[in-house]
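The values are calculated or read from the model by the stated rules, or taken from the named source; none is laboratory data. Everything quoted here is computed from the prediction, not taken from an experiment. FYI the Cβ positions are ideal-geometry reconstructions off the backbone, even for glycines, and counts take in every protein chain you see.
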Amino acid sequence: MMVVQGAYISCDPDNPIEVNNNSQFNRLFKVEIWIGGREPTFNLLFQKIESCFKWKKALTKASGNFSLDEFYELQDSQNRENLGEGARSLAYRGVHKQTKQQVAIKQIVKKDLEPQDLIDLAREVELKKVCVHNYVVRLLDTFECRKYFYMVVELENGDTLMKYLAERNNLIKEERAKDIA
């Protein structure tokens, strides 16, 4: 796993650590803190699962790194509607839980990313943050978990610019090109 946007914090209640302490087995619950790299930077161990969740929540709030499902819901999660796919990603339809705004959620598999891909991904995020244009979908949010990096963008209901150009053999009139630009 690589961390793209700072810190990532996880707590897996289904995989406690069994510790043999003076012939007694104790269960410990782990909070992992990842700051770059492929291995956790820090591990915190707790005897109670409630403490594990409490610390994960506090650390997540302090880092500003929240999970996708706190704010967005993938629509029809049983049969996720695939809006498209790339070499290392899929795009799904989603909705913001509070505003009910329809969005597209791009899910990128982190294990498939090479170092240059991480640089390209960070560059794409930075460009989308500053690019404001009628013909470019706006980046609304980003999230990261152990397996995936998510980009939440406006849901575009029309055709893409690539499709528009392909239908015209990549030729359009100068006036139309100026309108698009």
Give me the residue from region 130-159 that is at pLDDT 85 or above and surrounded by fewer than 15 Cβ atoms within 10 Å (Cβ to Cβ) and, out of that set, farthest from residue 88 (Cα to Cα). 130
Kindly evaluate residue 127 against the criterion of being crowded, with 16+ Cβ neighbours inside 10 Å, free of Cβ contacts under 8 Å to residues at least 24 places away in the same chain and among the hydrophobic types (A, V, I, L, M, F, W, C). no
Being farther than 27 Å from residue 153 by Cβ and not in a helix (DSSP H, G or I) is the filter here, so list the residues in region 49-76 that pass it. none
Just wondering, is there one or more residues in region 81-94 that are over 17 Å from residue 142 (Cβ atoms), touching a strand residue (DSSP E or B) at 6+ places or on another chain (Cβ under 8 Å) and at pLDDT 85 or above? yes
